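The block underneath contains the structure these notes are about, expressed in structure tokens.
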Amino acid sequence: MTTTIVIASHIPASPDKVWQEAQTTRLLRHVTAPMISFHPIDPPTWPERWEEKSYLAGMRLFGWLPIGQQVIVIEKPPQQDGKLFVRDNGHSGMIKRWDHLITIEPE
């Protein structure tokens with residue numbers, strides 16, 4: 001079964017600024033805290049900015065209860081009609097397919 005959830009946000013910043021922030025590993029840690037924390041396994045440290053590759057991360061519920069591992073697969077699809085994209089097309093033992101597409105576009 002596939003479930004699609006769409007969430008839209010207005011962010012009072014330029015699309016370029018939002019694009020720069022969306023590419024940071026810091027943003028993942030910010031939006032998932034405090035419920036889920038991600039800890040790098042391979043590579044053993046997070047880069048400042050996501051690169052197009054796979055990352056293995058451990059996950060903890062509320063920062064202390066291990067709940068498995070997640071493969072984060074970063075893709076940066078080409079810009080289209082003025083829209084910028086960052087995709088995590090990863091997976092884990094709990095979630096067979098995680099296709100998280102962030103779309104950034106001016107209003």
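Worth pointing out:
- Of the accessible area of the chain, computed with a 1.4 Å probe over protein heavy atoms only, carbon and sulfur atoms account for 57 percent.
- Taking all protein chains together and rolling a 1.4 Å probe, residue 73 ends up with roughly 30 Å² accessible.
- Under 16 Å from the Cα of residue 76 - lysines, other chains or at least 8 residues apart: 53
- For the chain, the solvent-accessible area works out to 72 Å² per residue, with a probe of 1.4 Å and every protein chain left in place.
- The heavy atoms of residue 45 offer some 100 square angstrom of accessible surface to a 1.4 angstrom probe.
- Accessible area (Å², 1.4 Å probe, nearest 10) - residue 67: 50
- Scanning the chain for trypsin sites (Lys or Arg not before Pro) that sit in a DSSP loop and have at most 12 other Cβ atoms within 10 Å, the longest stretch containing none of them is 1-52.
- Length gained when the stretch residue 42-residue 16 is fully extended (0.36 nm per residue, less Cα-Cα span): 6.4 nm
- Separation between Cα centres of region 63-107 and region 1-30, rounded to whole Å: 10
- Region 1-68: chymotrypsin sites (Phe, Trp or Tyr not before Pro) in DSSP coil with no more than 11 other Cβ atoms inside 10 Å: 62, 64
- Cα-derived Rg over Rh, computed across region 1-51 with Rh taken as Kirkwood radius: 1.03
- The convex hull built on the alpha-carbon positions of the chain has an orientation-averaged projected area of 7.4 nm².
The values are calculated or read from the model by the stated rules, or taken from the named source; none is laboratory data. Please read all numbers here as calculations on a predicted model, not as lab measurements. Cβ sites come from the backbone with ideal geometry, for glycine too, and all protein chains shown count toward neighbours. Surface areas here come from the heavy atoms of the whole protein model, side chains and all, with no ligands, DNA or RNA. Shrake-Rupley method; radii C 1.70, N 1.55, O 1.52, S 1.80 Å.
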